[in-house]
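What follows is one structure encoded as C-alpha cells, with my remarks underneath.
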Amino acid sequence: MMAELIHKDGFLEFWHIDNSESGKTMIVSVKNKNDVELGQVKWHGAWRKYDFHVSANIILDSICLRAIADFCDTVTKYHGRS
C-alpha cells in the first residue's frame, strides 16, 4: 500500500500506511514536519479504540499529545460507524 496523508495538525502529519491483518482497521504513522516517525496509531481490540504506540526516545509536548489524542478519538468514532 502506498502511504496516504490523511490529516495534518500543527507540526504533525498522519499517514495511512497500512491496514491490520484483518483489513478492518488502519495503521497510521504519525510524523513531524521533518519526516521523523513519532509513533503509530493502531486499533487496540481490548480497549475497543485506537491508541498511540510511541517510537523510542520521542519527546512530545502537550500540544502534540492533544493532537494525537484528538486524532485517536476521531478515528475511533469513525470506526464505530463503519
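The values are calculated or read from the model by the stated rules, or taken from the named source; none is laboratory data. On a predicted model such as this, the values are computed, not experimentally measured, just so you know. Backbone-built Cβ (ideal geometry, glycine too); neighbour counts: all protein chains shown.
Things worth noting here:
- Region 34-48, residues that are of a type in the set (Val, Ile, Thr) and either surrounded by 18 or more Cβ atoms within 10 Å (Cβ to Cβ) or in contact with a helix residue (DSSP H, G or I) (Cβ under 8 Å, 6 or more places away or on another chain) (or both): 41
- Identity of the residue in region 65-82, at pLDDT below 95 and of a type outside the set (D, E, K, R), that ends up surrounded by the fewest Cβ atoms within 10 Å (Cβ to Cβ): 82
- Total residues in region 20-33 satisfying the condition of being without any contact (Cβ under 8 Å) to a residue 24 or more places away in the chain and surrounded by 13 or more Cβ atoms within 10 Å (Cβ to Cβ): the figure is 3.
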